[in-house]
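Would you mind keeping the following structure in view while I ask a few things?
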Amino acid sequence: MRIGTTPTFTFGLPFSSSMIDRAHVVFYQNGKVVLKKCETDFKTNSKEITVDLTERETFLFEPDLTITVQAHIKTVENQVLTSNEHVISAIRCLDDEVIST
């Protein structure tokens with residue numbers, strides 16, 4: 001993920017997104033949670049959730065280190081699931097000015 005951009009992360013679901021009671025996606029770097037997005041931040045279709053990061057949110061990450069991303073979901077039937085961990089690189093942006101509004 002390039003810092004200073006507005007990336008989208010998509011997670012496939014083994015059930016309909018209407019079954020989600022609570023959920024969050026965690027972005028972990030350098031031994032700590034840097035960012036947590038909750039279900040009100042998601043877009044859903046029948047079998048996927050997508051999470052967009054803002055330019056400001058990507059500037060929270062340190063460049064040249066990996067980021068681990070994982071979804072954590074509780075269904076309306078009280079099942080609790082996590083996705084596989086997705087490890088991505090944080091790629092620096094030479095300009096640290098936020099240009100989006």
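The values are calculated or read from the model by the stated rules, or taken from the named source; none is laboratory data. As the structure is a computational prediction, the values presented were derived from the model and not from experiment. Positions of Cβ are backbone-derived with ideal geometry, glycine not excepted, and every protein chain shown enters the neighbour counts. In case anyone asks, the SASA skips ligands and DNA or RNA and just uses the protein heavy atoms, side chains included. Shrake-Rupley method; radii C 1.70, N 1.55, O 1.52, S 1.80 Å.
Among (1) assigned to a strand (DSSP E or B); (2) open to solvent by less than 60 Å² (accessible area, probe 1.4 Å); (3) touching a residue at least 24 places away in the same chain (Cβ under 8 Å), there is one condition residue 5 misses while meeting the rest; what is its number?
Result: residue 5 passes all but (1).
Identify all residues within the range 56-85 that are outside any loop (DSSP other than H, G, I, E, B), among the hydroxyl-bearing types (Ser, Thr, Tyr), over 24 Å from residue 4 (Cβ atoms) and within 16 Å of the chain's Cα centre (by Cα); write none if there are none.
Answer for the range 56-85, where residues must be outside any loop (DSSP other than H, G, I, E, B), among the hydroxyl-bearing types (Ser, Thr, Tyr), over 24 Å from residue 4 (Cβ atoms) and within 16 Å of the chain's Cα centre (by Cα): just 82.
Counting only residues that are in a loop (DSSP other than H, G, I, E, B) and polar (S, T, N, Q), how many does the range 86-101 have?
Residues flagged as in a loop (DSSP other than H, G, I, E, B) and polar (S, T, N, Q) within the range 86-101 amount to 2.
Kindly evaluate residue 66 against the criterion of being surrounded by 12 or more Cβ atoms within 10 Å (Cβ to Cβ), modelled with pLDDT of 95 or more and either hydroxyl-bearing (Ser, Thr, Tyr) or in contact with a Lys or Arg (Cβ under 6 Å, 6 or more places away or on another chain) (or both).
Considered against the rule, which asks whether it is surrounded by 12 or more Cβ atoms within 10 Å (Cβ to Cβ), modelled with pLDDT of 95 or more and either hydroxyl-bearing (Ser, Thr, Tyr) or in contact with a Lys or Arg (Cβ under 6 Å, 6 or more places away or on another chain) (or both), residue 66 comes out as yes.
Inside the range 26-54, can you point out the residues that are of a type outside the set (Asp, Glu), over 17 Å from residue 89 (Cα atoms), part of a strand (DSSP E or B) and in contact (Cβ under 8 Å) with a residue 24 or more places away in the chain?
Within the range 26-54, 44, 45, 49, 50, 51 qualify.
Give the residue that is farthest from residue 12 (Cα to Cα), with candidates limited to residues of the range 23-44 that are among the polar types (S, T, N, Q) and open to solvent by less than 100 Å² (accessible area, probe 1.4 Å).
Only one residue fits best here, namely 29.
Here's another thing I want to ask about it. If I ask for residues that are free of Cβ contacts under 8 Å to residues at least 24 places away in the same chain and under 18 Å from the mean Cα position of the chain (by Cα), which ones from the range 87-101 would you list?
87
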